[in-house]
Amino acid sequence: MPSKTGKIVTSLDPEEEGTRRRPFSRRNLLRSGVLGAGAAAVLGTGLPGAAAAAVPGASASAAAPFQLFSQADLDFETLVVLGGAAYGVSELGEVVTAVNGINAAGATYQAYYDQFQALAQQVSQLGGQELKAGHRASARGAYLRAAAYYDLCLYFVLATTARAQEAGVYAAVQACWDQAAQLFDPPFERVRIPYEGSWLPGYLLKPDARDIRRPTVILNGGSDTTSIDMYVFGGAAALERGYNALIFDGPGQGSMLFQRQVPYRADWEKVITPVVDYLRSRPDVDPDRIALLGLSMCGEAAVRAAAFEHRLAAVVPDPGVVNAWLAWPASIRDLFAGGATKTRVNRIWQQDIVPHLDPANWFTIAKRAELFDIAFMLASRAGKTSPDLWDLGQAIMKVDCSTVAGQVTSPTLVTQYQDDTFYPGQGTQLYGLLRCPKTLHEFTTAESGSEYHDAPMAPQTRNQVIYDWLDSLLASN
C-alpha cells in the first residue's frame with residue numbers, strides 16, 4: 001500500500017496482493033444546501049454539504065491550504081484553473097481578480113458565470129489583437145487562457161440564466177482552444193477518427209514536424225473535460241518529453257455531447273479500438289508504443305477498454321475507478337434495490353425528490369446526469385428535470401469494470417488521491433482486481449500538495465509521476 005508520502009507499490013506477480021481491499025466510501029453528490037423535507041426523507045441529511053468543506057475531498061474538519069470560495073464546487077473548479085497556470089492556461093492575477101469580484105457579488109453560480117464570461121471575452125479579444133499585430137506567442141497564450149475561462153463558464157452554465165446556451169458556451173471554449181492550437185509550432189493537427197460510420201473529433205499534438213515514429217499517449221478525458229483540460233492533464237507534458245498526444249472527444253464528451261448529442265457509452269472498448277486502429281495507421285506513430293490514459297471517471301473507461309484492446313503498451317487509470325454508480329449517494333442507489341421497478345423509482349423521483357430540490361442540488365444532478373442521458377441534458381437546458389431517473393440509473397450502473405479488470409494484459413499504473421471524494425478508495429480496489437504488471441501510486445498532501453481529485457493544484461507533479469512511469473516502458477533504448 002502507498003504511504004502518505006506518495007510511495008509507489010509495484011507488483012509483477014499477478015497474484016500478489018490480489019485480495020487486498022479498502023472499503024468503499026461514498027461522495028455526497030448533492031453537496032450544498034439543506035434539502036426540503038420530502039427530498040431529505042429519501043436522500044438523507046447526514047451527508048456533508050458544500051459548505052462543510054472548502055475543497056471537495058476535504059472532510060469538514062480538514063484544513064484546506066487556502067479557500068477561494070466557501071462553496072465546494074466553485075472552489076474546486078477554480079483550483080483546477082489555477083493549477084493550469086503551470087502550463088500557461090491561466091494567469092494568477094486574472095483569476096484572483098475574478099474571484100474577488102465574484103465574492104463581492106455574493107459568490108452565486110450566476111455571479112461566477114458572469115465574471116468568468118467577461119474575463120474570457122476580454123482575454124479572447126486580446127488574443128485577436130495580438131494575432132493581428134503579429135505576436136503569435138502572445139496570441140496563443142491569450143487564447144489558451146480564454147479557453148480555460150470559458151470552460152469554467154461551461155461547467156456552471158446549467159445553474160444560470162444562460163443554461164439554454166450550453167452548446168454555444170462549449171463552442172466558445174472550443175473556438176479559443178482551436179485558435180491556440182493552430183499557433184503552436186507545429187500546429188496541433190485536427191483529426192477525424194473513423195467511428196461506426198461517423199467520426200470522432202480530435203487533435204494530434206506532436207513535438208516537432210518530423211514524420212518519425214514516436215510513442216503516443218491517448219488522452220481520454222473524463223465526464224466533463226474539454227480539450228483545454230487535457231492539454232494541462234497530459235498534452236503539454238507529452239510534448240515536453242518528445243511524445244505525441246491524442247486529445248479526442250468520445251461519446252458523452254465535448255462536441256459529441258454538447259453539439260451532436262451523443263451520450264456516453266459503457267462499452268468503451270468500442271471507442272478505443274477505432275482510436276488505436278487510427279493511430280496505428282499513421283507514419284508518425286510507433287504502433288508498439290501507444291499508451292492510454294483515462295482521466296477522472298474515465299479511469300474506469302481505460303480499464304474497460306484495455307480489457308478487450310490488448311495492443312496498448314501501457315494503461316493509466318487516473319484515478320483508478322471501478323464503479324461510477326458508487327459516486328452517487330447510497331440513498332439514490334437504494335431506490336433501485338430490492339426488486340424496484342421503473343414505475344416505483346420514477347414515482348418517488350417525481351413526487352418526493354424533484355419538487356424539493358434546491359438550486360444547488362438541482363444543478364449538481366443536472367451536471368452529473370447530462371452525459372449519460374440526452375433527455376436530462378435537454379430538460380436541464382430548459383430549466384426542468386427529466387421525469388425518468390430509472391433510465392439514467394441503468395446507464396450509470398453499466399459503468400463498472402469489476403468483472404473485466406482481470407482481463408487487462410497491458411502494464412498498468414493505477415493512481416489515487418488523498419481526500420478524493422469522487423471515487424475514494426477505488427484505486428486500491430482496482431489494483432486488487434488487476435492481474436497484469438501493475439503499479440499503484442497515491443498522491444498526497446506531502447507530495448507537493450497533490451491531494452484531491454486529480455491533483456488540481458499540482459498538475460506538474462501528477463504529470464511527472466505518470467510520464468516517468470511511461471518513460472520506463474515506452475522510451476527509446
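The values are calculated or read from the model by the stated rules, or taken from the named source; none is laboratory data. Quick caveat, the model's predicted, so the values are computed rather than measured. A quick note on method: Cβ atoms are made from the backbone with ideal geometry, for glycine too, and the neighbour counts reach across all protein chains shown. We work out accessible area using only protein heavy atoms, side chains counted, and drop any ligands, DNA or RNA first. Shrake-Rupley method; radii C 1.70, N 1.55, O 1.52, S 1.80 Å.
Show the residue pairs that are 6+ apart or on different chains and have beta-carbon atoms under 7 Å apart, the first residue being within the stretch 434-447 and hydroxyl-bearing (Ser, Thr, Tyr), the second being surrounded by fewer than 24 Cβ atoms within 10 Å (Cβ to Cβ) and not in a strand (DSSP E or B).
If the second residue must be surrounded by fewer than 24 Cβ atoms within 10 Å (Cβ to Cβ) and not in a strand (DSSP E or B), the pairs left are THR439/TRP469; THR444/LYS4; THR444/THR5; THR444/GLY6; THR444/GLN418; THR445/GLN418.
Would you confirm, using the coordinates I've provided, whether TRP177 is in contact with a Leu (Cβ under 8 Å, 6 or more places away or on another chain), at pLDDT 95 or above and hydrophobic (A, V, I, L, M, F, W, C)?
yes
Are any residues in the stretch 231-268 under 20 Å from ARG214 (Cα atoms) and touching a helix residue (DSSP H, G or I) at 6+ places or on another chain (Cβ under 6 Å), and if so, which ones?
Answer for the stretch 231-268, where residues must be under 20 Å from ARG214 (Cα atoms) and touching a helix residue (DSSP H, G or I) at 6+ places or on another chain (Cβ under 6 Å): ALA236, ALA237, ARG241, ALA245, ILE247.
Hey, any hits in the stretch 210-222 for a residue that's farther than 17 Å from CYS298 by Cα, part of a strand (DSSP E or B), open to solvent by less than 40 Å² (accessible area, probe 1.4 Å) and without any contact (Cβ under 8 Å) to a residue 60 or more places away in the chain?
Looking for residues that are farther than 17 Å from CYS298 by Cα, part of a strand (DSSP E or B), open to solvent by less than 40 Å² (accessible area, probe 1.4 Å) and without any contact (Cβ under 8 Å) to a residue 60 or more places away in the chain, one finds none in the stretch 210-222, hence no.
Is at least one residue of the stretch 437-449 in contact with a Leu (Cβ under 9 Å, 6 or more places away or on another chain) and either polar (S, T, N, Q) or assigned to a loop (DSSP other than H, G, I, E, B) (or both)?
Checked the stretch 437-449: at least one residue is in contact with a Leu (Cβ under 9 Å, 6 or more places away or on another chain) and either polar (S, T, N, Q) or assigned to a loop (DSSP other than H, G, I, E, B) (or both).
Please list, ordered by residue number, the helices (runs of 4 or more DSSP H) wholly in the stretch 267-353 having 3 or more residues that are open to solvent by 10 Å² or more (accessible area, probe 1.4 Å).
In the stretch 267-353, the matching helices (runs of 4 or more DSSP H) lie at 269-280, 330-333, 342-348.
Which of the following residues is at positive phi and not β-branched (Val, Ile, Thr): GLY93, GLY101, GLY106?
Going through GLY93, GLY101, GLY106 in turn, the sole match is GLY106.
So the check is Cβ under 7 Å with 6+ separation or different chains; which pairs have a first residue in the stretch 412-430 that's in contact (Cβ under 8 Å) with a residue 24 or more places away in the chain and within 13 Å of THR444 (Cβ to Cβ) and a second one that's in a helix (DSSP H, G or I) and among the small types (Gly, Ala, Ser)?
Partner pairs satisfying both residue conditions: THR415/GLY427; GLN416/GLY427.
For the subset of the stretch 97-116 comprising residues that are assigned to a helix (DSSP H, G or I) and open to solvent by 60 Å² or more (accessible area, probe 1.4 Å), which member is farthest from CYS153 (Cα to Cα)?
ALA104
From the list PHE376, PHE363, PHE372, which residue is open to solvent by 10 Å² or more (accessible area, probe 1.4 Å) and at pLDDT 95 or above?
PHE372 is the lone residue from the list that is open to solvent by 10 Å² or more (accessible area, probe 1.4 Å) and at pLDDT 95 or above.
If a residue must be assigned to a helix (DSSP H, G or I) and open to solvent by 50 Å² or more (accessible area, probe 1.4 Å), how many such residues does the stretch 123-172 contain?
The qualifying residues number 12.
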